[in-house]
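Below is one structure, written out as structure tokens, with a few remarks after it.
Derivation of every value follows stated rules applied to the coordinates shown; laboratory data play no part. Note that the structure is a prediction, hence the values are computed from the model and not measured. Cβ: placed from backbone, ideal geometry, glycine included. Neighbour counts: every protein chain shown.
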């Protein structure tokens, strides 16, 4: 895929990787345990085989998934998330929370399985572990940590 945004912004640069149609949904299906091509295709009604193949190759190039050959004849692969791909679960959860608050028809909610109570997203200090109530986005003065 060709980068679309030449903007020095984490959101823009992340969208260059995961912002194409179907991409996040493919990652979400793998996260949900659909790791074989046909499972992903069946779960994503409307995606063509060619487009799914293209997106899977791209996600592997970008380091979000890894493929593993499980059948030689015909060649068939299973797909698993890398740490980088699994870290998108937080993005999915944020979208679920946003959707439960703003969509006319809500399909999912995040809950505490021990109580059934709906939960929200919270921020905490990476240094102390304490909850933070006031956050601010600041520009990085150095290169990315990765």
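To the nearest Å, what is the center-to-center distance of the stretch 1-54 and the stretch 82-146, using C-alpha atoms only? Centre-to-centre (Cα) distance: 20 Å. For the chain, the longest principal axis of the C-alpha atoms and the axis of helix 49-61 are separated by about 60°. Between residue 134 and residue 119, the modelled labels are 2.7 nm apart [label points 7 Å from Cα along Cα→Cβ].
Here, the chain is characterised by an Rg to Rh ratio of 1.00, where Rg is the alpha-carbon radius of gyration and Rh the Kirkwood radius.
For the stretch 10-85, relative contact order (Cα pairs under 8 Å, six or more residues apart, normalised by length) works out to 28 percent.
Here the simple spin-label model places points 7 Å from the Cα toward Cβ, and for residue 70 and residue 51 these points are separated by 2.5 nm. Ordered by the count of other Cβ atoms within 10 Å of each Cβ, fewest first, 22, 98 give 98, 22. Using the Kirkwood radius over Cα pairs, work out the Stokes-Einstein diffusion coefficient for the stretch 10-85 at 10 °C and 1.306 mPa s, in µm²/s as a whole number. D, rounded to a whole number, is 126 µm²/s.
Per q in 0.19, 0.20, 0.23, 0.26 Å⁻¹, report the Debye log10 I(q)/I(0) for the stretch 89-132, using one uniform scatterer on each alpha carbon and no solvent. With no solvent term, the Cα-only Debye profile gives -0.68, -0.73, -0.86, -0.96. When the chain is treated as a GNM with alpha-carbon contacts under 10 Å, the residue of 108, 41, 127 showing the greatest mean-square fluctuation is 127.
As a proxy for reagent exposure, 53, 114, 125, 100 were ordered by neighbouring Cβ count within 10 angstrom, fewest first; the result is 114, 125, 53, 100.
Compared with the dominant Cα axis of the chain, that is its longest principal axis, helix 89-102 is turned about 70°.
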